[in-house]
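Here is the structure we will look at, set down as structure tokens.
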Amino acid sequence: MKIVSSIFLSIILVCSIFTADAQSKSSDIKGFVYDKSTGEPMIFTTVFLAGTQLGSQTDINGYFYIRKVPLGKYTLMITAVGYDSSITPVTVANEDMINQRIYLQKRSRQLKQIKISGRKTDNLTQVQIGQITVTPNQIRQLPSVGGEPDLAQYLQIIPGVVSSGDQGGQLYIRGGSPVQNRIMLDGMTIYNPFHSLGLFSVFETDIMKNAEVKTAGFNADYGGATSAIIDVSTRDGNRKRLSGKISANTFASKVILEGPLKKLDEKEGGSSSFIITAKSSYLDKSSPIFYPYADSINKKLPYKFTDLYGKLTFTSNSGSKLNLFGFNFTDGANFGKVANFGWNAAGGGLNFVVAPPNSSTLISGIVAGSNYSLNLSEADGLPRSSTIKGFNSSIDLGYVFENNSNFNVGIEINSFSTTYTFYNILKLKVGDGEDQNTSEFATYFKYKIVKGKWVIEPGLRLPYYSTLNAGSIEPRFGVKYNATNYFRLKAAAGRYSQNLISTKSDKDIVNLFTGFLSGPQENLKNTEGDNINNPLQKAWHAVLGFESDINKNLEFSAETYFKNYTQLINISRDKLKIQDPNYIVESGNAYGIDFLAKYEYKRFYLWLAYSLAYTNRYDGTKNTDGSKYYYSPSFDRRNNINTLLSYTFGKNLNWEFGTRYNFGSGFPFTLTQGFYEQQYFLEGLTSNYVSGQGKLGVLYDKKLNGGRLPNYHRLDVSLKRKFFVGKNGVLEMNASISNTLNRPNMFYYDRINQRRINQLPILPAVGFNYTF
């Protein structure tokens, strides 16, 4: 408990510093910016005092803070793309803090200079390395495969992200496996956000506020992951009127309903609202009608899912806010006699933001819990299951200095309980089905300094895993140098750890079963055969890059990265005897370079991304000369190209055409050398190998993953037409084609039956949605 006490003492000390500052008078201006039509906070909006160098930008809560404003009269300007500029006279007559609550009105015409100003402020004051911010509008620019744009589809075009394909729904980010990515929804950890059909996630685009995708080098305010972070935030319900959306297509349908519980009064500021979403697929029912050719055996696509999410928001007149939320996500894939797979996730919690009236401190936090369970039934009839019950809580105190500098300190308390039962090909049981409990305490400090042309962001995270009696000291650092207003250099580095491990091995080619376990407490040996005392997954990151505004319409950036995975824990797939270890320890590296170009002019948008990547693992195997043998994990894609084009046209700009093309070089696999009759001798010495009938066994090449599958190509297109109905109604008709060229991309090869299994063929879809 000493480390826990130290954490709380450090928080109390920082709080006392903040309080002391709040007590000293200052000429500061702070406040919140909202959308006038809905009451939703306006994020990443430019705020400045006209004729001065003083300014800021709103955060995820719509909050801004401008420090040390000299006495005098000013004009507070607020600009955002698609909104009228706000002009508010402000008089700083004494040293008391000034609070503002401002509402922006939407406009039909976008001002180019406003758009550039907002982007420029963000580029010059944020490190932004290894990070991409995704908004719903960006997701909607993708071809609406299946009639609905989805975050799962957008993540696949981000540089450094590799998808396992249309089926399986797994993402590998800059050399990390899915368990090494921490994915959050409104601050709550989501253990499996992607459905078995890889086109859809559990995140509803229409209620998203934004998603922060941190692919490497993320700072100390994020932990519990050794590869990447995906942090998704949802917006509040409409605080002005009842509204919603209804949509249906050949893949799925959904309903969204939102509105005020207490209608927003702009003078008083306080309000409450709700938002509810329900989305369900019926592809297992509709595919025999529309896509019977998609599966030559079952004559249907065996996928189904249902996603439910609800949120209540209570906002005070000072801008402080409390959210209560809950969800239930289900997924299933029934492959007939081969396998029947399904999972269920349910949970809920609360998060809050507190803005003390006379302080520059912003306090935020979360308390949430969830339960995730999955089951797999195969032809052998042996049960395979896994559950994880998670709890996570945190509190963050942010303090704003002048010139967009700020300091954050926080604590996290996380815990989870897991169970796991699995049988390998030899019918040997891995996992005892009993609860494993673990907990983590962490404190972090992050300081962002904006000084001249430099943005410097040092950080420190101190996690302690009480069940394992193991801790870690994790320095983090980011820096940006604004060489000019149009060319910027940036870098980041850090140390990372996590306790959670996956039941899926990096050697697996196709495996829908992804269970979770905490770090094992049994004796483990590293790749050199030495005992290890700390069963955590560990990694070091280093990222270096630049970004450039070639002109007002074209942006270009490049990043090179290196991730050193010093310790990886995997389930042993080579267990031959009961006494053999359940786990193996590996190490490895991931490195590469990513390029991204974005061009936007009037109604035309182009995205072009290229990634060159190398990933390897070492499990202790040696070459014949005694040197280490590094194998390529199943997701090691060498070349990846993604292009996205979107064009809006028509007299009233009510038509939109979109297309996306993806090229990926082949995934690695182990070559086949031959076949033999395989006897398992499950009855020991009494096994009758003369009369007993064995199974067809495969002789694999000694070089693990020494071969490569064919290259992957996919072209998607979509066309949308909007009809404006009354004051608030919009009817959109859409048509899309996934895999337009009907490319036979390989999913995997069935060695026993000598049969190639491909990804999804050409899938046309039509649908509609009505927003009111």
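The values are calculated or read from the model by the stated rules, or taken from the named source; none is laboratory data. Small disclaimer: the values here were computed from a predicted structure and weren't measured. Every residue, glycine among them, receives a Cβ derived from its backbone with ideal geometry; neighbour counts consider all protein chains shown. Accessible surface areas use protein heavy atoms only, side chains included; no ligands, DNA or RNA. Shrake-Rupley method; radii C 1.70, N 1.55, O 1.52, S 1.80 Å.
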key: Within the range 553-592, considering residues that are of a type in the set (A, V, I, L, M) and surrounded by 17 or more Cβ atoms within 10 Å (Cβ to Cβ), the one modelled with the highest pLDDT   = Ala590
task = Enumerate the strands (runs of 3 or more DSSP E) found wholly within the range 165-253, keeping only those where 2 or more residues are crowded, with 22+ Cβ neighbours inside 10 Å.
result = 171-173, 181-185, 208-214, 228-234
ask   = So, of the residues in the range 444-464 that are assigned to a strand (DSSP E or B) and out of contact with any Asp or Glu (no Cβ under 8 Å at 6 or more places or on another chain), which turns out to be nearest to Leu536 (Cα to Cα)?
value = Phe445
task = Find the residue count for the range 465-480, including only residues that are in a loop (DSSP other than H, G, I, E, B), open to solvent by 50 Å² or more (accessible area, probe 1.4 Å) and modelled with pLDDT of 90 or more.
result = 1
inquiry  = With in contact (Cβ under 8 Å) with a residue 60 or more places away in the chain and not hydroxyl-bearing (Ser, Thr, Tyr) as the only criterion, which of Asn375, Asn351 stands out?
reply    = Asn351
key: Filtered residue count, the range 478-504, keeping only those that are in contact (Cβ under 8 Å) with a residue 24 or more places away in the chain and over 18 Å from Ser227 (Cβ atoms)   = 12
note = If you go through Lys285, Lys304, the only one that is in a strand (DSSP E or B) and at pLDDT below 95 is Lys304
task = List every residue pair whose Cβ atoms lie under 7 Å apart, where the two residues are 6 or more positions apart in sequence or sit on different chains, the first residue falls within the range 605-627 and is over 23 Å from Gly664 (Cβ atoms) and touching a residue at least 60 places away in the same chain (Cβ under 8 Å), and the second residue, located anywhere, is of a type in the set (Phe, Trp, Tyr) and open to solvent by 60 Å² or more (accessible area, probe 1.4 Å).
result = Tyr618/Tyr630
ask   = Within the range 76-104, restricting attention to residues that are open to solvent by 50 Å² or more (accessible area, probe 1.4 Å) and in a strand (DSSP E or B), which residue is farthest from Asp35 (Cα to Cα)?
value = Thr91
task = Tell me, please, whether a residue that is modelled with pLDDT under 90, in contact with a helix residue (DSSP H, G or I) (Cβ under 7 Å, 6 or more places away or on another chain) and among the small types (Gly, Ala, Ser) can be found in the range 135-153.
result = no
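Yes or no, residue by residue, for (1) open to solvent by less than 30 Å² (accessible area, probe 1.4 Å); (2) free of Cβ contacts under 8 Å to residues at least 12 places away in the same chain; (3) out of contact with any Gly (no Cβ under 8 Å at 6 or more places or on another chain):
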position: Tyr712; (1), (2), (3): yes, no, no
position: Phe723; (1), (2), (3): no, no, yes
position: Asn728; (1), (2), (3): no, no, yes
position: Glu732; (1), (2), (3): yes, no, yes
position: Asn742; (1), (2), (3): no, no, yes
position: Pro764; (1), (2), (3): no, no, yes
note = Going through the range 653-683 in order, the residues found to be outside any strand (DSSP E or B), open to solvent by 40 Å² or more (accessible area, probe 1.4 Å) and in contact (Cβ under 8 Å) with a residue 60 or more places away in the chain are Tyr680, Leu682
request  = Determine, yes or no, whether Thr621 is at pLDDT below 90 and of a type in the set (Val, Ile, Thr).
outcome  = yes
key: Filtered residues of the range 34-72 (kept if β-branched (Val, Ile, Thr), open to solvent by 10 Å² or more (accessible area, probe 1.4 Å) and over 26 Å from Pro260 (Cβ atoms))   = Thr52
request  = Among the residues of the range 271-297, write down those that are farther than 19 Å from Thr250 by Cα, of a type outside the set (Val, Ile, Thr) and surrounded by 15 or more Cβ atoms within 10 Å (Cβ to Cβ).
outcome  = Ser271, Ser272, Ser273, Phe274
inquiry  = Given the options Ser405, Ser377, name the one that is surrounded by fewer than 21 Cβ atoms within 10 Å (Cβ to Cβ) and within 23 Å of Asn328 (Cβ to Cβ).
reply    = Ser377
task = Check whether at least one residue in the range 731-738 is in a loop (DSSP other than H, G, I, E, B), more than 29 Å from Ser164 (Cβ to Cβ) and in contact with a Lys or Arg (Cβ under 8 Å, 6 or more places away or on another chain), and report yes or no.
result = no
